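So the structure is just underneath, and the comments pick up after that.
The values are calculated or read from the model by the stated rules, or taken from the named source; none is laboratory data. Remember, it's a predicted structure, so these values are computed and weren't measured experimentally. Because the Cβ atoms are built from the backbone with ideal geometry, glycine has one as well, and the counts that use them run over all protein chains shown. Heads up: the accessible areas ignore ligands, DNA and RNA and are worked out on the full protein's heavy atoms, side chains in. Shrake-Rupley method; radii C 1.70, N 1.55, O 1.52, S 1.80 Å.
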Amino acid sequence: MIIASNFKTNHTSTSTLQYVKELSSFLQKEDLKKHQVYVFPPATAFNFFELPHNLKIGAQNAYPVISGSFTGEIGLEQLSEYNIKSIIIGHSERRHILNESNELILKKFEFFKENRFDIIYCIGEPKEIRDKGLDAVIEYNFAQLDGIDLNYERLIVAYEPVWAIGTGVSATLEQIDQTLTSLRKKVKASLLYGGSVKVENTKDILSIKNCDGVLVGTASWDVENFKQMVKIAHEL
Ligand code: 13P
């Protein structure tokens, strides 16, 4: 199972250090070797963490360059200093709030693929597409995979319906199951679900046949909750 926490614009450098320390000691204590855990803190919280083998720290975003003149962005040089080799690309908050274009998303994918990053590539439909029914949902999600090398061995695809993110209302188990089943026909990579995953629904979501893990926002910002979720994954 893959259990990932996206901090978004939450936590400071100090609180992230505390969080990662607590999570690391938990992962070391329990026999959780089969599981891969990721934490994506804000870039200001990158640090020289001591990590167990099954915990990776990743970037929520970066510009597809080694270094250069891109005010406000960070590139490979800044990530490499902290040995960061994992990145989220295509998150709906970047697509919709920050107007990130498909073209830029594809550039990021190619660049970080060339640099052998673990890529959590996010797709997911907005509410108006979900309202049109499953065929429209599948078409929309497949279109977001256009141009992505689905054979890239470090690719993880996260299905995150936009309407379920940060709303407290997850997609139903049936909706997740149907969508992941359709995605599975095209995608060999691990498939995650994200969108209002909480301690209470983690078990049911992780029990869905084609679900290989979860990408969690809000509920994961509390380390105790996130540890619970890892434990639930382990007990399945
Ligand atoms: P929430 O868990 O807050 O809905 O966020 C999900 C998400 O966007 C993870 O990337």
Problem set entry | Residue order for K108, K56 - accessible surface, 1.4 angstrom probe, largest first | K56, K108
For this session: Taking the Cα centre of the chain as origin, sum charge times position over the Cβ atoms of Lys and Arg (+1) and Asp and Glu (-1), and report the length of that vector in debye to the nearest 20.
Result: 360 debye
Exercise. Counting only residues 5 or more places away or on other chains, whose amide H sits under 5 Å from the amide H of K56 once H atoms are built in the peptide plane?
Worked result: V37, Y38, V39
Exercise. Can you list the aspartates and glutamates whose alpha carbon is less than 17 Å from that of K29, not counting same-chain residues fewer than 8 positions off?
Worked result: E50, E224, E235
For this session: Determine, for segment 83-236, the count of lysine pairs separated by eight or more sequence positions (or lying on different chains) whose alpha-carbon distance falls under 14 Å.
Result: 8
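Compute the FRET efficiency between K203 and Q18 as 1/(1 + (r/R0)^6), taking r as their Cβ-Cβ distance and R0 = 25 Å, and round to the nearest 0.05.
For R0 = 25 Å, the calculated efficiency reads 0.40.
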Exercise. Could you give me the ³J(HN,Hα) list for segment 217-228, computed from phi with Karplus coefficients 6.51, -1.76, 1.60 and θ = phi - 60°, whole Hz, x at Gly and Pro?
Worked result: x, 2, 5, 8, 6, 9, 4, 5, 4, 5, 4, 4
For this session: For segment 116-186, give the magnitude of the charge dipole about the Cα centre (Cβ charges: +1 Lys/Arg, -1 Asp/Glu; no others), in debye to the nearest 20.
Result: 140 debye
Exercise. How large is ³J(HN,Hα), in whole Hz, for each residue of segment 58-70 in order, when computed from phi with the Karplus curve 6.51 cos²θ - 1.76 cosθ + 1.60 and θ = phi - 60°, using x for Gly and Pro?
Worked result: x, 9, 6, 5, 6, 8, x, 9, 6, 6, x, 9, 9
For this session: Mind running the shape call on segment 84-184? Use the C-alpha gyration tensor, a ≥ b ≥ c as the square roots of the eigenvalues: rounded below 1.5 for a/c, prolate if a/b tops b/c, oblate otherwise.
Result: prolate
Problem set entry | Kirkwood hydrodynamic radius of the chain, from inverse mean 1/r over distinct Cα pairs, in Å | 17.9 Å
Exercise. In square angstrom, rounded to the nearest 10, how much accessible surface does Y63 have for a 1.4 Å probe?
Worked result: 60 Å²
